[in-house]
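Structure first, then comments.
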Amino acid sequence: MDNRPIGVFDSGLGGLTAVRELRRVLPAEDIVFFGDTGRVPYGSRSPHIIKEYAKQCMDFLEKQNVKMILVACGTVSSVLGEDIGAERKIPCMGVLEPTVKAAVSATKNQSIGLIATAATVASGSYEKLAAKLLPEVNFTGKACPLFVPLVENGYFASGCEVTRLVAKDYLSAFEGKDIDTLILGCTHYPLLYGLIDSITDYKLNLIDSGKEAALGAKELLEERNMLSGTKKIGDMRFFVTDKVEGFAKLGKEFLGEELKNVTRVEIDEL
């Protein structure tokens with residue numbers, strides 16, 4: 001039993017989709033969320049910069065006395081890989097492993113697609129792990145650099161023609177690939193779930209990285225006997241590196257509930 005909060009980190013608002021799932025599967029847990037909204041997106045940056053930003057943000061969460069860190073960012077999870085919890089005194093996990101495991105379990109024809117940030121696709125992390133778990137896999141990745149800024153600016157409604165046109169162009173990369181499973185390899189992308197599902201004629205298994213990461217965190221805490229011992233609904237605290245007002249307003253769409261207790265953190269203090 002451990003009543004300390006779960007720490008969740010993302011480059012922006014996308015990690016709130018993982019928090020939403022954590023609230024569903026672990027309602028008694030307190031959560032501290034850190035969104036590096038002042039430096040989003042990470043997907044176009046170099047691995048060196050991504051690692052440096054991730055270290056600063058995870059250090060911040062450790063100072064909040066969290067019991068574990070869920071890196072709800074596909075880019076950071078991919079770039080850090082197995083080093084995601086290196087030199088940390090608390091357990092850390094990313095979205096990579098639980099998401100790939102879910103995709104491998106879902107595919108029937110061993111053909112899996114990935115949409116993610118440029119840094120995630122370039123890292124090859126998803127493809128390597130999928131091949132390790134399913135040696136005969138046919139894997140196709142497609143970088144979708146415009147999705148994060150579109151989502152961060154509120155362009156994710158299923159009827160949004162701008163995002164639909166962009167999505168159609170990106171998804172055309174899978175024509176003729178015969179994939180039956182598509183990994184949404186960034187926690188921003190579940191907000192585009194309905195749009196992507198309709199463009200692909202509802203024929204694909206769409207793997208929500210935020211959902212799978214939350215389930216993975218639940219499993220980790222259960223295995224280590226670190227679940228909260230309380231029965232009340234957990235509290236949430238939010239920290240961001242940019243405007244509080246914009247985060248709280250748009251974050252409600254990601255989380256499905258009001259965001260209270262939001263604090264701005266200066267980047268140069270990390």
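Nothing in this text is a laboratory measurement; each read-out follows from the coordinates by a stated rule. Values in this document were obtained by computation on a predicted structure and should not be read as measured data. Heads up, the Cβs are rebuilt from the backbone with ideal geometry, glycines too, and the neighbour counts pull from every protein chain shown.
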Residue separation between Arg4 and Glu223 times 0.36 nm, minus their alpha-carbon distance, gives in nm 77.2 nm
Extension gain Lys249-Arg264, at 0.36 nm per residue separation less the Cα-Cα distance, in nm?
-> 4.0 nm
Working from Cα positions, state the angle (0 to 90°, nearest 10) between the long axis of helix 47-63 and the longest principal axis of the chain.
-> 30
Assuming R0 = 30 Å, can you tell me the calculated FRET efficiency for the pair Arg88 and Glu175, based on Cβ-Cβ distance, to the nearest 0.05?
-> 0.10
In nanometres, what is the gap between the two model label sites at Lys231 and Lys128, each 7 Å from Cα along Cα-to-Cβ?
-> 4.7
Estimated [θ] at 222 nm from DSSP helical runs (n ≥ 4, -39500 (n - 2.57)) normalised by residues in the chain, nearest 500 | -12000 deg cm²/dmol
Relative to the longest principal axis of the chain, what angle (0 to 90°, nearest 10) does the C-alpha long axis of helix 161-171 take?
-> 70
Using Cα extents along the principal axes in Å as the read-out, say which of [x] 49, 38, 38; [y] 98, 38, 36; [z] 68, 50, 34 was calculated from these coordinates.
-> [x]
Helix 96-106 sits off the longest principal axis of the Cα atoms of the chain, rounded to the nearest 10 on a 0 to 90 degree scale, by 40
Just add up the charged neighbours of Ala28: K/R +1, D/E -1, any other residue whose Cβ is under 14 Å from the Cβ of Ala28.
-> +2
